[in-house]
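*Asks:* Okay, handing you the structure first.
Each reported figure results from applying straightforward, stated rules to the coordinates on display, with no laboratory input. None of these values were measured; they are calculated from a predicted model. Note that each Cβ is placed from the backbone with ideal geometry, even for glycine, and that neighbours are counted across all protein chains shown.
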Amino acid sequence: MTSIHSVTSDEYPDPTNNPINSHENQPDKPEEACGVFGIYAPGENVAKLTYFGLYALQHRGQESAGIATFEGTQVHLHKDMGLVSQVFNETILDQLPGSLAVGHTRYSTTGSSRKVNAQPAVLETRLGSLALAHNGNLVNTVQLRQELLEKKYNLVTTTDSEMIAFAIAEAINAGADWLEGSIQAFHRCEGAFSLVIGTPNGVMGVRDTNGIRPLVIGTLAGNPVRYVLASETCGLDIIGAEYLRDVEPGELVWITEEGLASYHWSQQPQRKLCIFEMIYFARPDSIMHNESLYSYRMRLGHQLAKESCVDADIVFGVPDSGIPAAIGFSQASGVAYAEGLIKNRYVGRTFIQPTQTMRESGIRMKLNPLKDVLAGKRVIIVDDSIVRGTTSRKLVKTLREAGAVEVHMRISSPPVTHPCFYGIDTDSQDQLIAATKSVAEIAKQLEVDSLAYLSWEGMLEATREDTNSFCSACFTGDYPVAIPEQVKRSKLSLEKVVV
Ligand code: SF4
């Protein structure tokens, strides 16, 4: 039996209808899709550990959060709109007993931002309930949805994640066991999916055949049979779990009372981790490819300085994500590092609309310039990416008003020219400033004295890995998973699509 603490979704307005969340006011950055977390730890307070894991993964999605725990065959579920700290409290966590748990924090890339689309998605099957948490986006949802609707499945949400859950349930109800049924379903899914799936028997961690979204395995300190799954290692650190390894592309790990078993469900796995995870999305203290992303981002700054240094008095980063690259830039160039902007860390997504005057002041809601640092200075400002350019333009204006005499902008990634179809919200192509304008034209629009991006080669070389082991399609248009024409048309509005 599944217990759901119910709050009607009408109590929560759809944030996409709110002026503050209108296109114009959306953050001018790619938005992360989701964070997932799973734990198998009989005897531990799995709900609370999941809460803290999600808390560490909050940067991956701020619209809704949910936890499902399994107590034998009984599932306890609570999910709602809001931040992890708003959705859960001690009383709610106390009502989520069990020996294993699955958690999710969401930013909507398919399906609107409503409570019904919050995860984990819980379904009944012949073998009991399953609770599924998904990070990524499928690209064949139209076909999959059609197939499921033809079989009279009652899809209650608008998410691709629910379709994966239904595909698993369909296989299980036709006679497969948990593993066979899940693997059959994964073969029907195309695109990006890092999944954590709870069942009465154990927890699964799964990555798609390209491993586009990350997923790591850890063990709870001192007890090798208590396993944790998380989108990033920061989700392990917070509960004192030790990083064991990544779930491999095309791998399924099945964690039960017998320990961890590994299955390679895909015949042709390849490594295509989203390079934007390394550049911007994942937390700088998370480990990917055996080093912190802070170190990688500093190296991007080194490379950027080598490629495009300019005479200036100070260099600083756009907080927070531009800071490691700015420090690297300073180290490699000798230009003094300073803090030119202070971030208000408590501005999040909000349903409260600021006044018109406040909205016009725009950027200062989040970033305030340090006038005494900037006055009379030639400054280099380092950011990790430019998407539409609207925020960058306001930022440059703010710096000049604060007294900067020259503003040189340096970007620690190449121009974003193509949208993402794999779980990152990067706008349609016509909204991407670099898809329609040259670097010189962008510089003019942003009103900077100079602008330079990191080269594609420099970005990949800085990983110190095989440069083929990343997806970098938003910089090249070379998508590792073919995008169906219908899906392409929705975002690639600059390209001629041949049907
Ligand atoms: S298209 Fe860009 S954002 Fe999307 S997965 Fe590839 S690198 Fe990441």
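*Asks:* Of Lys48/Lys79; Lys394/Lys488; Lys397/Lys444; Lys79/Lys366; Lys151/Lys488; Lys437/Lys491, which ones are farther than 24 Å apart at the Cα?
*Replies:* Lys394/Lys488; Lys79/Lys366; Lys151/Lys488
*Asks:* Determine which aspartates and glutamates satisfy two conditions relative to Lys343: a Cα distance under 15 Å, and not lying fewer than 8 residues away in the same chain.
*Replies:* By straight Cα distance, Lys343 reaches Asp320, Asp383.
*Asks:* Rank the residues Val196, Val102, Val481 as a footprinting-exposure proxy: fewest other Cβ atoms within 10 Å of their Cβ go first.
*Replies:* With the fewest neighbours first, Val196, Val102, Val481 line up as Val481, Val196, Val102.
*Asks:* Using a 10 Å cut-off on Cβ atoms, rank the peptides 206-214, 162-170, 428-436 from the highest mean neighbour count down.
*Replies:* 206-214, 162-170, 428-436
*Asks:* Then there is this: Under 16 Å from a point 7 Å along the Cα-to-Cβ line of Val116: which residues of region 64-106 have their amide N that close?
*Replies:* 80-81
*Asks:* Residue-wise, which Karplus ³J(HN,Hα) couplings in Hz belong to region 67-82, taking 6.51 cos²θ - 1.76 cosθ + 1.60, θ = phi - 60°, and x for glycine or proline?
*Replies:* Coupling constants for region 67-82: 9, 10, 10, 10, 10, x, 8, 8, 9, 10, 10, 9, 8, 6, 6, x Hz.
*Asks:* Can you tell me, using C-alpha contacts under 8 Å and at least 6 residues apart, the relative contact order of region 291-470 as a whole percent?
*Replies:* Answer for region 291-470 is 22 percent.
*Asks:* Here's another thing I want to ask about it. Sorted by average packing, counted as other Cβ atoms within 10 angstrom per residue and highest first, what order do 413-425, 246-258 take?
*Replies:* Ranked by mean Cβ neighbours within 10 Å, highest first: 413-425, 246-258.
*Asks:* Once you have the Cα-Cα distance between Ile92 and His289, take 0.36 nm times their residue separation minus that, and quote the gain in nm to one decimal.
*Replies:* Roughly 67.2 nm would be gained on extension.
*Asks:* I've got another one for you. With both bridge residues required to lie in the chain, what share of the DSSP beta bridges run antiparallel, to the nearest 5%?
*Replies:* 75 percent
*Asks:* Follow-up question, since we're still on this one. Can you give the helix-only mean residue ellipticity at 222 nm for the chain, where every DSSP H stretch with n ≥ 4 adds -39500 (n - 2.57) and the sum goes over all residues, rounded to the nearest 500 deg cm²/dmol?
*Replies:* Calculated at 222 nm, the ellipticity per residue is -7000 deg cm²/dmol.
*Asks:* Give, in whole angstrom and from largest to smallest, the semi-axes √(5λ) of the equivalent ellipsoid of region 155-280, with λ running over the eigenvalues of the Cα gyration tensor.
*Replies:* For region 155-280, the semi-axes come out at 23, 19, 13 Å.
*Asks:* Which peptide among 151-158, 59-66, 442-449 comes first, and what is the full order, when sorted by highest mean count of other Cβ atoms within 10 Å?
*Replies:* By packing density, highest mean first, the sequence is 59-66, 442-449, 151-158.
*Asks:* Calculate the spin-label point distance for Ser455 paired with Gln267, positioning each point 7 Å from the Cα along the beta-carbon direction, and give it in nanometres.
*Replies:* So the two model labels end up 4.0 nm from each other.
*Asks:* Counting alpha carbon pairs within less than 8 Å and at least 6 residues apart, what relative contact order, in whole percent, applies to region 4-271?
*Replies:* 19 percent
*Asks:* Can you tell me the alpha carbon radius of gyration of region 4-271 divided by the globular rule-of-thumb value 2.2 N^0.38 Å?
*Replies:* Region 4-271 yields a ratio of 0.93.
*Asks:* Name the long-range amide H neighbours of Ile287: under 5 Å, sequence gap of 5 or more, or other chain; modelled H, no Pro or chain starts.
*Replies:* Counting only residues 5 or more places away or on other chains, the set is Thr233, Cys234.
*Asks:* How far apart, in nanometres, would the label points at Glu147 and Glu401 be if each is projected 7 angstrom from Cα along the Cα-to-Cβ direction?
*Replies:* Going from the Glu147 label point to the Glu401 one covers 5.4 nm.
*Asks:* Find how much the distance from Leu370 to Glu339 grows on full extension, using 0.36 nm per residue of separation minus their present alpha carbon separation; answer in nm with one decimal.
*Replies:* 10.4 nm
*Asks:* Would you mind calculating the relative contact order of the chain from Cα pairs under 8 angstrom and at least 6 residues apart, reporting the percent as a whole number?
*Replies:* Averaging sequence separation for qualifying contacts and normalising by length gives 13 percent for the chain.
*Asks:* Within the set of other residues whose C-beta is less than 10 Å from the C-beta of Arg145, count the net charge using Lys and Arg as +1 and Asp and Glu as -1.
*Replies:* Residues near Arg145 contribute -4 overall.
*Asks:* May I ask for the percentage of alpha-carbon pairs in the chain that lie more than 30 Å from each other?
*Replies:* Here the tail beyond 30 Å accounts for 47 percent of pairs.
*Asks:* Please work out the FRET efficiency for the pair Asn468 and His187, using the Cβ-Cβ distance as r and a Förster radius of 35 Å; give the result to the nearest 0.05.
*Replies:* The value I calculate is 0.90.
*Asks:* Rounded to two decimals, what is Rg over Rh for region 359-459 when you use alpha-carbon atoms and the Kirkwood radius?
*Replies:* Here Rg/Rh amounts to 0.99.
*Asks:* Whole angstrom only: what separates the Cα centroid of region 119-173 from the Cα centroid of region 243-267?
*Replies:* 21 Å
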